[in-house]
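Bear in mind that the values in this text are calculations on the coordinates, not laboratory data. It should be emphasised that the depicted structure is a prediction, and the values quoted were computed from it without experimental measurement. Neighbour counts run over all protein chains shown; Cβ positions are idealised from the backbone, glycine included.
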Amino acid sequence: MKWLPELTSKQLDGQLLLSVAERIDKQILHLNSSILENESRLVIATQTMFLLKDVLMLEEVMPFSFEERTFSDMRRHLHFVDYYNERENYEMMLHNANDLIYDFKVIKPQILDYARAISEGSKEIKKTIRAPTIEDIVNVVTDKLRSIIRKIPKHEREVQDAIETLFLIKEYDFEREKVKFEYSTKSYQPDFTFESLNLAVDAKLCNSENDEKDIIDQINADIVGYRTKFDNLLFLVYDIGCIRDAVKFAQGIEKHNINVWVRVIKH
């Protein structure tokens, strides 16, 4: 691309890594906001241009052992934002910009793990790197939760208990219903919290046709409150067969809320 910056090799530095990651995070927020507000393609293209510079810098300061495929995906989507901007194809440009935002949601927890380990001069960096990421948590619940719930649950607590069992088996460092806080006149208490990931996890049970819309309303309300304390939110909806389109259900919430994951697990 004509505006591809030239970067010299950077010394591995935890503080530099963290500052670049934070800058990208802010740029992603601006990009997401511009997409939601339907800003012009030129605004989005300009934001992407500045974002590319920091993505490439991030590659320079990340350890060599990092999963390079994620960076390849980010570079590809950055390239196509520019490509479709030049061809004035706004629809495909937005498609790739949204994919780019998703890429960073995946990579961010791992970046923070590396940065903290390097900044603290830890001798156990490998152990820190292998600590669970948000992606790990999402995957283990999505893949394993159904297999440990044998009977159709009647109460949400049964789903919470099963999730806790999974977390205990994986030896994750988490707390259950320990963090309680207030926002405006309402109190909030997530089902599970991961302090190291700045993550709150909530479980929902959908066991009637009327629950689907109620759960969407609950999640949207929780996002507002939880955002005052947590950067990352994961909502797990255990469905006994009432949600017809699980992908649409999840994406409808995720696309309007960065760093929010929604997963529907079918019984």
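Overview of values
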{"quantity": "FRET efficiency for residue 182 and residue 30, using Cβ-Cβ distance with R0 set to 25 Å, rounded to 0.05", "calculated": "0.25"}
{"quantity": "Local net charge near residue 242, Cβ-Cβ under 9 Å (Lys/Arg +1, Asp/Glu -1)", "calculated": "-3"}
{"quantity": "Neighbourhood charge, 11 Å Cβ-Cβ cut-off, centred on residue 265 and excluding it, Lys, Arg +1 and Asp, Glu -1", "calculated": "+3"}
{"quantity": "Too-long pairs where the Cα-Cα distance tops 30 Å, listed order kept, from 151/255; 151/229; 204/255; 26/144", "calculated": "151/255; 151/229; 26/144"}
{"quantity": "Protection proxy ranking, peptides 147-153, 19-25, average beta carbon neighbours within 10 Å, highest first", "calculated": "19-25, 147-153"}
{"quantity": "Protection-proxy order for peptides 157-163, 173-179, each taking the mean of Cβ atoms within 10 Å per residue, highest first", "calculated": "157-163, 173-179"}
{"quantity": "Karplus-derived HN-Hα couplings along region 167-173 (A = 6.51, B = -1.76, C = 1.60, θ = phi - 60°), whole Hz, x at Gly and Pro", "calculated": "4, 5, 4, 7, 6, 6, 8"}
{"quantity": "Cα-projected label distance for residue 86 with residue 136, points at 7 Å along beta-carbon direction, nm", "calculated": "4.1 nm"}
{"quantity": "Label-point separation in nm, residue 23 to residue 213, each point 7 Å along Cα→Cβ", "calculated": "4.8 nm"}
